[in-house]
Amino acid sequence: MLSNRVFKMLLMAVAIVLLGFSGIPNAQANMMHHCHKAMMKHMMMHGGPIPFYLMNQDRLGLSRDQVQKLIHLKMAFRKTAIMEKAHIKVLHEDVMADMMRRNIDASDVKKDMDSILDHKKIIMYSYLDMLSKAHKVLTPKQFEKVRKLWREMIMSHHGMMEHPRT
């Protein structure tokens, strides 16, 4: 049984392929944009590039200490993101309920909207902090290696890598 997220991603992939064959470049570009946006959002909420670093720990030559530091950074960020997203959801419910009233108290709704933005800012700042600390865990040589691996992965994902001749 496929999870809902996996099913949606498969559905988008099929749609991209079908749109690509139908010759609708704007629709294909739009679908690619939405897939990229969804992938970036998913990556941000699940520890940024740290899972990629961990997945390639042998190729990068990460020590146990480096692995533990990266796991700790990822988990600390995820906990912050989970808590802040919960606050955002509660505030969103309040905003929606307030906006369904006949007489909307605009100042109250604006305060809640500002609070939502403050919580989103906390997530973004926490992500930046995690990312800058994660990069410092890697040696300069490891960081260059991970950048190369990342580029290769992106290029192959978009079908831009030259395939070896057989």
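Which of the following residues is among the aliphatic types (A, V, I, L, M), under 18 Å from PHE52 (Cβ atoms) and either in contact with a strand residue (DSSP E or B) (Cβ under 7 Å, 6 or more places away or on another chain) or without any contact (Cβ under 8 Å) to a residue 40 or more places away in the chain (or both): MET130, MET113, MET96, MET75? Within the list MET130, MET113, MET96, MET75, the selection yields MET75. Picking from residues in the range 104-137 that are β-branched (Val, Ile, Thr) and assigned to a helix (DSSP H, G or I), the one that is farthest from LYS69 (Cα to Cα) is VAL109. Of the residues making up the range 50-81, those that are under 14 Å from the mean Cα position of the chain (by Cα) and crowded, with 18+ Cβ neighbours inside 10 Å are ILE50, LYS74, PHE77, ALA81.
Within the range 146-166, residues that are closer than 25 Å to GLN57 by Cα sit with their Cβ atoms under 7 Å from residues that are hydroxyl-bearing (Ser, Thr, Tyr) and at pLDDT 85 or above, at 6+ positions apart or across chains, in these pairs: VAL146/TYR53.
Between ARG165, ARG101, ARG151, which is part of a helix (DSSP H, G or I), at pLDDT below 95 and not hydroxyl-bearing (Ser, Thr, Tyr)? Only one candidate qualifies: ARG151. Annotation: of all residues in the range 82-107 being of a type in the set (Asp, Glu) and surrounded by 13 or more Cβ atoms within 10 Å (Cβ to Cβ), the one that is nearest to the chain's Cα centre (by Cα) is GLU84.
So which of LEU62, LEU54 is hydrophobic (A, V, I, L, M, F, W, C) and in a loop (DSSP other than H, G, I, E, B)? LEU62 is the lone residue from the list that is hydrophobic (A, V, I, L, M, F, W, C) and in a loop (DSSP other than H, G, I, E, B). Of the listed requirements (1) within 26 Å of TYR53 (Cβ to Cβ); (2) exposed (fewer than 12 other Cβ atoms within 10 Å of the Cβ), LYS120 misses just one: (2).
The values are calculated or read from the model by the stated rules, or taken from the named source; none is laboratory data. If you're wondering where the values come from, they're calculated on a predicted model, not measured in any experiment. Glycine gets a Cβ as well: all are built from the backbone with ideal geometry, and neighbour counts include every protein chain shown.
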